[in-house]
Structure formats: structure tokens, C-alpha cells
Amino acid sequence: MARPTRLQLAQAAYAAYGGATGGLNFRGDPMPEWDDLGGVIQHAWLTAVQEVEQQLLSPPPVPRPTDAD
């Protein structure tokens, strides 16, 4: 199975958010469908997914010695 695209991940995250909130946005209003969000909000979801991908793919930080070591 192919890895989902960033767009597919953003749409899935948006749908999961709706599932967790009963389909309501942060104002308590019904969430629009993905295609009705507008470019700015879609871009925000895509950016959030990109950040999560970067966090998952970046190597773990190397511990720095402390004064106690």
C-alpha cells in the first residue's frame, strides 16, 4: 500500500478533529467540508501535517552532558 500524500494526511487529520469535536469547529459552529474550507485553512492543516512529518523523521536529540555527569 502506498504511503498517503500530505494532502490525504491533512484531510484525515481534519476529519479526525471533526470526529473528536462532534463536527464542530473551535467556535462551536459546524465544520465545513474540506473543499469548502478555503485555501488559508487548508494550507494551515497541510503545514501542521508537514511539521508532524518533520518531527517523526528527524533524528532524536543527542543528550548533552550536564553538571551532574
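The values are calculated or read from the model by the stated rules, or taken from the named source; none is laboratory data. Since the structure is predicted, the reported quantities are computational estimates derived from the model, not experimental observations. Note: ideal-geometry Cβ built from the backbone for every residue, glycine included; neighbour counts use all protein chains shown.
Values as computed for the structure displayed
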| quantity | calculated |
| --- | --- |
| Residue within the stretch 2-17 that is of a type in the set (Phe, Trp, Tyr) and at pLDDT 95 or above present | yes |
| Which numbered condition Gln54 misses (of (1) of a type in the set (S, T, N, Q); (2) loosely packed, with under 10 Cβ neighbours inside 10 Å; (3) farther than 14 Å from Leu9 by Cα) | (3) |
| Hits in the stretch 34-51 (condition: over 23 Å from Gly23 (Cα atoms) and surrounded by 13 or more Cβ atoms within 10 Å (Cβ to Cβ)) | Gln50 |
| Hits in the stretch 5-37 - residues which are in a helix (DSSP H, G or I) and more than 19 Å from Val52 (Cβ to Cβ) | Asp35, Asp36 |
| Residues that are among the β-branched types (Val, Ile, Thr) and in contact (Cβ under 8 Å) with a residue 40 or more places away in the chain, drawn from the stretch 1-50 | Val49 |
| Single match in Val40, Val49 (criterion: closer than 18 Å to Thr5 by Cβ, β-branched (Val, Ile, Thr), at pLDDT 95 or above and assigned to a helix (DSSP H, G or I)) | Val49 |
